[in-house]
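Scroll down for the structure; my scribbles are underneath it.
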Amino acid sequence: EGTVDAVTLRTTTIIKFSGESVTIPNGSIGTVINYSRGGHLAIVDMPISYETDIERASELMRDAALLYKSGHDNVLEEPRILGIIEFGESQMVLRMVMRVQPLTHWETVRELRKAVKEAFDKNGVVVPYPHRVIVNG
């Protein structure tokens, strides 16, 4: 992934997020995803414990996203909570999506994760992590 820097008859050069320049032979390119066109989805997946009230957690996610939207003009639509997308060993995962301007979805996702985590912490919603008990003997 990166920003296209140059396209020649035989190669395409992209600049990666880290600043590295990568030259790819055009014959090796199989699939291209253009992130600079159309609206993109900021997809935020947040784990919650099985004991958590799903409606309350969804409401907190939506409120955090609406607050973010009020201060950022890159957001094109209201956030949508899609619901539980995964059941894990010690958690369920809630998904929220929000349509944003091209090339802003990565930043938006990072900021929304932080805002949702802070809202969860403030309201006692536990973000679970796996617990291991090791019995020696």
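List of remarks:
- Count of segment 50-60 residues, restricted to those that are more than 18 Å from R110 (Cα to Cα), open to solvent by less than 40 Å² (accessible area, probe 1.4 Å) and out of contact with any Leu (no Cβ under 7 Å at 6 or more places or on another chain), is 1.
- Counted residues, segment 19-64 - those being over 20 Å from V125 (Cβ atoms), within 21 Å of the chain's Cα centre (by Cα) and not β-branched (V, I, T): 9
- Only one of the numbered conditions (1) in contact (Cβ under 8 Å) with a residue 12 or more places away in the chain; (2) part of a strand (DSSP E or B); (3) among the polar types (S, T, N, Q) is violated by T13, and that is (1).
- Search result, residues across segment 69-80 that are crowded, with 20+ Cβ neighbours inside 10 Å and at pLDDT 95 or above: P79
- Residue in segment 17-39 that is among the charged types (D, E, K, R) and either touching a Lys or Arg at 6+ places or on another chain (Cβ under 9 Å) or at positive phi (or both) present: no
- Residues of segment 23-49 satisfying the condition of being open to solvent by 80 Å² or more (accessible area, probe 1.4 Å) and either in contact (Cβ under 8 Å) with a residue 60 or more places away in the chain or outside any loop (DSSP other than H, G, I, E, B) (or both): T23, G27, S28, R37
- Residues of segment 78-94 satisfying the condition of being touching a residue at least 24 places away in the same chain (Cβ under 8 Å) and assigned to a loop (DSSP other than H, G, I, E, B): G88, E89, S90, Q91
- Test: E20 is farther than 24 Å from T108 by Cβ and loosely packed, with under 11 Cβ neighbours inside 10 Å: yes
- Looking only at segment 81-137, residues that are in contact with a helix residue (DSSP H, G or I) (Cβ under 8 Å, 6 or more places away or on another chain), under 14 Å from D45 (Cα atoms) and either small (G, A, S) or open to solvent by 90 Å² or more (accessible area, probe 1.4 Å) (or both) come to 2 in all.
The values are calculated or read from the model by the stated rules, or taken from the named source; none is laboratory data. These numbers come from a predicted model, not from an experiment. FYI the Cβ positions are ideal-geometry reconstructions off the backbone, even for glycines, and counts take in every protein chain you see. These accessible areas exclude ligands, DNA and RNA; they are computed on the full protein's heavy atoms, side chains included. Shrake-Rupley method; radii C 1.70, N 1.55, O 1.52, S 1.80 Å.
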